[in-house]
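Student: Next up is a structure, given as structure tokens.
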Amino acid sequence: MFRLQDPAGYWWAELESNVSITAEVLLLHHVWGAFERIPHAAAERYFRDQQRDHGGWDLAYGDGGELSVTIEAYMALRLLGVGPDDDALRRARAFVLARGGITHARIFTKMHLALIGAYEWAGLPSLPPWLMVLPDRGPLSIYDLSSWARGSTVPLILLFDRKPVYGPPLTLDELYAEGRTAARFALPHGNNAFERFFNGLDRVLKWTERNGLVPFRERGLRLAERWTVERQEHTGDWGGIIPAMLNAMLALRAIGYDRDDPVVVRGFAAIDAFTITAGGAYRVQPCISPVWDTALAVRALADAGVARDDARLVGAATWMLDKQIVARYGDWSVKNRAGEPGGWAFEFENAWYPDVDDTAVVAMALAAVDHPDPERVRGAIARAARWVATMQCTTGGWAAFDVDNDKDWLNRIPYGDLHAMIDPSTADVTARVLEMVVRCDLRDFGAPRIERGIAFLLREQEPDGAWFGRWGVNYVYGTSGALAALAALALRQAQDRLSSGSRAIDRSVVRGAVWLKSVQQSDGGWGETTDSYREPSLRGIGPTTASQTAWALIGLLATVERLPQLGAAFAPAIERGVAYLLRTQRADGNWDEPEFTGTGFPAHFYLNYHQYRLHFPLTALGRYAASACPDVAAGRACNDSTG
């Protein structure tokens with residue numbers, strides 16, 4: 001872990017996704033006439049290396065391949081000059097056609113194909129510019145979209161208005177199962193009343209476009225352009241995520257920005273910062289996670305018994321303190337008028353979009369370090385706590401980026417086929433906040449606020465005892481976080497005499513731990529497939545991984561911490577899990593984990609955090625060691641013969 005630390009104090013590991021992100025970056029360079037910036041051979045090698053035996057490309061490692069991802073990879077190889085008779089493309093074409101072809105691809109894949117003439121704009125939903133004119137705090141506005149959907153959608157209002165096609169057109173007619181001439185360029189037929197209503201509304205919007213009757217068109221376009229340009233960070237990023245960055249750059253191209261414009265130059269520089277060419281293969285990360293990686297690394301090292309005043313931890317803490325967002329009122333402030341800045345973002349720079357999850361983890365990491373400026377640390381944690389407190393939703397829980405961003409019907413609109421248009425409160429983020437309250441000893445957070453958070457977390461527990469994991473795969477992740485929070489709350493309950501019944505919490509903790517124990521694999525570890533998002537019966541089932549084993553151990557250790565009388569019941573499962581981690585650790589201290597255990601959009605987009613396989617096992621092993629040897633918890637070496 002220490003070998004991976006940057007001299008500046010932070011940790012930053014690769015954040016891997018599927019190949020569509022890299023394919024879309026290639027397309028962006030093509031659209032801008034900047035394809036010479038792409039290292040062709042390295043990019044081609046990446047796509048060829050990632051193709052699987054079935055002919056397609058995976059959404060997540062080992063999932064059997066996905067239609068839209070494969071179409072975009074095929075497109076990228078064609079842009080790189082690979083001919084359709086190439087063996088890799090022949091196999092990919094068979095994969096695509098067997099699954100219905102381009103007609104059955106997702107909306108965003110069709111949008112990218114439309115830019116090069118391989119699909120018709122008529123088959124895409126309308127994005128009316130008058131959306132920008134709607135009052136921010138009215139019954140509907142762009143701020144009812146999740147932060148990531150908002151940052152990606154506003155620039156697309158400009159793009160969808162112009163509907164550009166950039167030549168020379170790339171013919172991909174061979175990917176239409178029914179043949180391009182017979183293809184139906186329209187929205188998919190609605191499967192229910194909601195979808196049929198929105199399809200009908202889309203037909204009305206298209207009629208207004210054809211007849212020049214779009215209300216507030218010019219004003220809406222001006223507002224969309226201004227909003228997009230204003231939200232670019234000084235580093236060139238938009239929202240810290242490639243989809244928002246790509247869409248902004250596509251929009252600027254569509255409305256006539258020049259390649260030498262400072263906004264465009266900064267945008268390309270930001271995208272370049274997301275690229276990796278290690279191993280001779282060019283690829284692009286969907287996001288970068290230095291704040292998240294650093295906070296989790298510090299917590300893991302502290303759990304492992306590293307001295308609280310170790311210079312390396314102090315350096316990391318100083319770096320995190322410098323990254324706190326204390327001046328900008330980001331998009332969160334539209335719906336949260338009470339809060340003052342004080343959060344942290346996921347990335348190096350993303351002041352518009354701090355998030356609750358990162359903020360809670362950073363606060364706990366800072367609390368685990370003895371910094372030479374304790375007043376600065378206390379002030380930073382206090383500011384963070386005040387901001388997080390104001391971000392509580394009416395459900396009692398917390399979401400990642402916004403307050404009460406929960407209009408589920410937005411996931412039914414034709415444009416929202418990834419079902420990621422909103423950011424509702426979730427069990428995993430709520431659990432992190434409640435754990436922060438205890439670990440940071442936040443005496444002023446308020447008992448009523450904690451009570452509501454506990455009530456939300458207990459309501460979210462599934463009948464079998466598990467909790468859904470929004471930001472990690474999946475029920476193992478959610479259950480681990482919930483147990484860690486509820487166990488930590490035991491002390492707070494005793495001190496503050498919270499009215500939430502200890503017995504109810506204890507029952508909930510036991511049910512969660514029993515579920516974790518029930519899904520332990522025969523090798524002693526835990527694993528869960530991304531398919532559990534589509535098929536809940538697969539919860540807790542999948543290839544064993546180091547990170548998911550660590551999550552389960554963290555949850556079980558927390559259970560025993562809260563209820564020591566259950567130690568004998570869960571000790572065998574804990575011992576087998578620890579043995580799995582010890583047995584599978586590599587000689588260099590890390591673990592192998594090609595599986596994707598991070599979640600972007602459930603059922604639609606997954607992530608492989610390359611540091612998850614290291615710091616979560618370190619946390620689990622450290623907490624296990626501390627439970628067996630108190631000297632570890634005190635930051636001293638443990639010389640007990642048990643190791």
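Student: Inspect the stretch 467-477 for any residue being more than 30 Å from Lys110 (Cα to Cα), among the aromatic types (Phe, Trp, Tyr), out of contact with any Asp or Glu (no Cβ under 8 Å at 6 or more places or on another chain) and assigned to a loop (DSSP other than H, G, I, E, B) and give the result as yes or no. Spell out how you get there, then give the answer.
Tutor: Restricting attention to the stretch 467-477, the residues satisfying the condition of being more than 30 Å from Lys110 (Cα to Cα) are 467-468, 475-477.
Retained after the next criterion (residues that are among the aromatic types (Phe, Trp, Tyr)): 467-468, 475, 477.
Narrowing the set further to residues that are out of contact with any Asp or Glu (no Cβ under 8 Å at 6 or more places or on another chain) leaves none.
Scanning the stretch 467-477, I find no residue that is more than 30 Å from Lys110 (Cα to Cα), among the aromatic types (Phe, Trp, Tyr), out of contact with any Asp or Glu (no Cβ under 8 Å at 6 or more places or on another chain) and assigned to a loop (DSSP other than H, G, I, E, B), so the answer is no.
Student: Arg378 versus (1) in a loop (DSSP other than H, G, I, E, B); (2) more than 24 Å from Phe616 (Cβ to Cβ); (3) not aromatic (Phe, Trp, Tyr): which is the lone unmet condition?
Tutor: Condition not satisfied by Arg378: (1).
Student: Moving on. Give the stretch 269-291 a look and list any residue that's surrounded by fewer than 19 Cβ atoms within 10 Å (Cβ to Cβ) and hydroxyl-bearing (Ser, Thr, Tyr), or say none.
Tutor: Of the stretch 269-291, the ones surrounded by fewer than 19 Cβ atoms within 10 Å (Cβ to Cβ) are 269, 272-273, 275-280.
Once the filter is applied, which keeps residues that are surrounded by fewer than 19 Cβ atoms within 10 Å (Cβ to Cβ) and hydroxyl-bearing (Ser, Thr, Tyr), the stretch 269-291 yields Thr275, Thr277.
Student: Give me a count of the residues in the stretch 1-59 that are under 30 Å from Ala254 (Cβ atoms), among the aromatic types (Phe, Trp, Tyr) and assigned to a loop (DSSP other than H, G, I, E, B).
Tutor: 2
Student: Now, a different point. Among the residues of the stretch 387-394, is any within 20 Å of Pro602 (Cα to Cα) and in contact (Cβ under 8 Å) with a residue 60 or more places away in the chain? Step through it out loud before you land on a result.
Tutor: Pass one, the stretch 387-394, residues within 20 Å of Pro602 (Cα to Cα): none.
No, the conditions are met nowhere in the stretch 387-394.
Student: Give just the number: which of (1) over 21 Å from the mean Cα position of the chain (by Cα); (2) among the small types (Gly, Ala, Ser); (3) surrounded by fewer than 23 Cβ atoms within 10 Å (Cβ to Cβ) does Ala224 not satisfy?
Tutor: (3)
Student: Right, next: Which one is farthest from the chain's Cα centre (by Cα) among residues in the stretch 227-265 that are crowded, with 17+ Cβ neighbours inside 10 Å and charged (D, E, K, R)?
Tutor: By that ranking, first place goes to Arg253.
Student: Of all residues in the stretch 601-624 being assigned to a strand (DSSP E or B) and of a type outside the set (A, V, I, L, M), which is surrounded by the fewest Cβ atoms within 10 Å (Cβ to Cβ)?
Tutor: Of everything passing the filter in the stretch 601-624, Phe601 is surrounded by the fewest Cβ atoms within 10 Å (Cβ to Cβ).
Student: Report yes if Ala431 is more than 26 Å from Pro139 (Cα to Cα) and either out of contact with any helix residue (DSSP H, G or I) (no Cβ under 8 Å at 6 or more places or on another chain) or touching a residue at least 12 places away in the same chain (Cβ under 8 Å) (or both), otherwise no.
Tutor: Working: more than 26 Å from Pro139 (Cα to Cα): yes; either out of contact with any helix residue (DSSP H, G or I) (no Cβ under 8 Å at 6 or more places or on another chain) or touching a residue at least 12 places away in the same chain (Cβ under 8 Å) (or both): yes.
It is true that Ala431 is more than 26 Å from Pro139 (Cα to Cα) and either out of contact with any helix residue (DSSP H, G or I) (no Cβ under 8 Å at 6 or more places or on another chain) or touching a residue at least 12 places away in the same chain (Cβ under 8 Å) (or both).
Each row is one residue, and each column tells you yes or no for (1) in contact (Cβ under 8 Å) with a residue 24 or more places away in the chain; (2) β-branched (Val, Ile, Thr); (3) under 30 Å from Val377 (Cα atoms); (4) not in a loop (DSSP other than H, G, I, E, B).
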site: Leu410; (1), (2), (3), (4): yes, no, no, yes
site: Met421; (1), (2), (3), (4): yes, no, no, no
site: Val437; (1), (2), (3), (4): yes, yes, yes, yes
site: Ile454; (1), (2), (3), (4): yes, yes, yes, yes
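Student: Of a type in the set (Ser, Thr, Tyr) and assigned to a loop (DSSP other than H, G, I, E, B): which single residue out of Tyr166, Tyr143 fits that description?
Tutor: On the way: Tyr143 fails: assigned to a loop (DSSP other than H, G, I, E, B).
Going through Tyr166, Tyr143 in turn, just one is of a type in the set (Ser, Thr, Tyr) and assigned to a loop (DSSP other than H, G, I, E, B): Tyr166.
Student: Here's another thing I want to ask about it. From Asp404, Asp355, Asp428, which residue is at pLDDT 95 or above, surrounded by fewer than 24 Cβ atoms within 10 Å (Cβ to Cβ) and of a type in the set (Asp, Glu)?
Tutor: So the residue among Asp404, Asp355, Asp428 that is at pLDDT 95 or above, surrounded by fewer than 24 Cβ atoms within 10 Å (Cβ to Cβ) and of a type in the set (Asp, Glu) is Asp404.
Student: Mind counting the residues in the stretch 462-494 that are at negative phi and over 22 Å from the mean Cα position of the chain (by Cα)?
Tutor: 12
Student: Now for a separate question. Anything in the stretch 98-122 that is touching a residue at least 12 places away in the same chain (Cβ under 8 Å) and aliphatic (A, V, I, L, M)? List them, or say none. Step through it out loud before you land on a result.
Tutor: Restricting attention to the stretch 98-122, the residues satisfying the condition of being touching a residue at least 12 places away in the same chain (Cβ under 8 Å) are 99-122.
Once the filter is applied, which keeps residues that are touching a residue at least 12 places away in the same chain (Cβ under 8 Å) and aliphatic (A, V, I, L, M), the stretch 98-122 yields Ile102, Ala105, Ile107, Met111, Leu113, Ala114, Leu115, Ile116, Ala118, Ala122.
Student: Which one is farthest from Trp352 (Cα to Cα) among residues in the stretch 213-238 that are without any contact (Cβ under 8 Å) to a residue 12 or more places away in the chain and of a type in the set (Lys, Arg)?
Tutor: Residue satisfying both the conditions and the ranking: Arg222.
Student: Suppose we filter Leu127, Leu158 for residues that are within 29 Å of the chain's Cα centre (by Cα), under 19 Å from Phe216 (Cβ atoms) and part of a loop (DSSP other than H, G, I, E, B); which single one remains? Spell out the reasoning first.
Tutor: Numbers: Leu158 fails: part of a loop (DSSP other than H, G, I, E, B).
Just one listed residue meets the conditions, Leu127.
Student: Residues Trp409, Trp387: which one is within 29 Å of Arg203 (Cβ to Cβ), of a type outside the set (Asp, Glu) and not assigned by TED's automatic domain parsing to the domain that holds His189? Before the answer, list the steps.
Tutor: Working: Trp387 fails: within 29 Å of Arg203 (Cβ to Cβ).
Of Trp409, Trp387, the one residue that is within 29 Å of Arg203 (Cβ to Cβ), of a type outside the set (Asp, Glu) and not assigned by TED's automatic domain parsing to the domain that holds His189 is Trp409.
Student: Hey, another quick one. Determine whether the stretch 536-548 contains at least one residue that is of a type outside the set (Gly, Ala, Ser), in contact with a Ser or Thr (Cβ under 7 Å, 6 or more places away or on another chain) and either assigned by TED's automatic domain parsing to the domain that holds Leu59 or within 19 Å of Ala626 (Cβ to Cβ) (or both).
Tutor: no
Student: Hey, could you check the stretch 292-320 for residues that are of a type in the set (A, V, I, L, M), in contact (Cβ under 8 Å) with a residue 12 or more places away in the chain and more than 23 Å from Ile554 (Cα to Cα) and say which is surrounded by the fewest Cβ atoms within 10 Å (Cβ to Cβ)? Let's see the steps before the verdict.
Tutor: To start, the set of residues in the stretch 292-320 that are of a type in the set (A, V, I, L, M) comprises 295-298, 300-302, 304, 306-307, 311, 313-314, 316-317, 320.
Applying the additional criterion that residues be in contact (Cβ under 8 Å) with a residue 12 or more places away in the chain yields 295-298, 300-302, 304, 306-307, 313-314, 316-317, 320.
Filter once more, so that each one left must be more than 23 Å from Ile554 (Cα to Cα): 314, 316-317, 320.
On the way: Val314: 19, Ala316: 25, Ala317: 28, Met320: 26.
Within the stretch 292-320, the match that is surrounded by the fewest Cβ atoms within 10 Å (Cβ to Cβ) is Val314.
Student: Let me ask something else. Quick check on my filter: what residues within the stretch 76-91 are small (Gly, Ala, Ser) and surrounded by 16 or more Cβ atoms within 10 Å (Cβ to Cβ)? Show your work before the answer.
Tutor: Kept after step one, since they are small (Gly, Ala, Ser), are these residues of the stretch 76-91: 76, 81, 83, 88.
Result: Ala76, Ala88.
Student: Determine if the stretch 112-119 includes at least one residue that is surrounded by fewer than 21 Cβ atoms within 10 Å (Cβ to Cβ) and in the same structural domain as Arg37 (by TED's automatic domain parsing). Show your work before the answer.
Tutor: Initial filter on the stretch 112-119 (surrounded by fewer than 21 Cβ atoms within 10 Å (Cβ to Cβ)): 117.
The next check asks that each one be in the same structural domain as Arg37 (by TED's automatic domain parsing); those that pass are 117.
Among the residues of the stretch 112-119, at least one is surrounded by fewer than 21 Cβ atoms within 10 Å (Cβ to Cβ) and in the same structural domain as Arg37 (by TED's automatic domain parsing), which makes the answer yes.
Student: Would a scan of the stretch 59-70 turn up a residue that is in contact with a strand residue (DSSP E or B) (Cβ under 6 Å, 6 or more places away or on another chain), farther than 30 Å from Gly315 by Cβ and modelled with pLDDT of 95 or more?
Tutor: Residues of the stretch 59-70 that are in contact with a strand residue (DSSP E or B) (Cβ under 6 Å, 6 or more places away or on another chain), as a first pass: 60.
Filter once more, keeping what is farther than 30 Å from Gly315 by Cβ: 60.
From what's left, modelled with pLDDT of 95 or more: 60.
Checked the stretch 59-70: at least one residue is in contact with a strand residue (DSSP E or B) (Cβ under 6 Å, 6 or more places away or on another chain), farther than 30 Å from Gly315 by Cβ and modelled with pLDDT of 95 or more.
Student: Same structure, new question: Condition first: over 22 Å from the mean Cα position of the chain (by Cα) and not in a helix (DSSP H, G or I). Now tell me which residues in the stretch 342-371 satisfy that.
Tutor: Step one: filter the stretch 342-371 for residues over 22 Å from the mean Cα position of the chain (by Cα), giving 366-371.
Selection gives Ala368, Val369, Asp370, His371.
Student: Going by what's in this entry, would Leu581 be described as at pLDDT 90 or above, more than 30 Å from Arg3 (Cβ to Cβ) and within 30 Å of the chain's Cα centre (by Cα)? Give the derivation first.
Tutor: On the way: at pLDDT 90 or above: yes; more than 30 Å from Arg3 (Cβ to Cβ): no; within 30 Å of the chain's Cα centre (by Cα): yes.
For Leu581, the condition - at pLDDT 90 or above, more than 30 Å from Arg3 (Cβ to Cβ) and within 30 Å of the chain's Cα centre (by Cα) - is not met.
The values are calculated or read from the model by the stated rules, or taken from the named source; none is laboratory data. Since the structure is predicted, the reported quantities are computational estimates derived from the model, not experimental observations. Note that each Cβ is placed from the backbone with ideal geometry, even for glycine, and that neighbours are counted across all protein chains shown.
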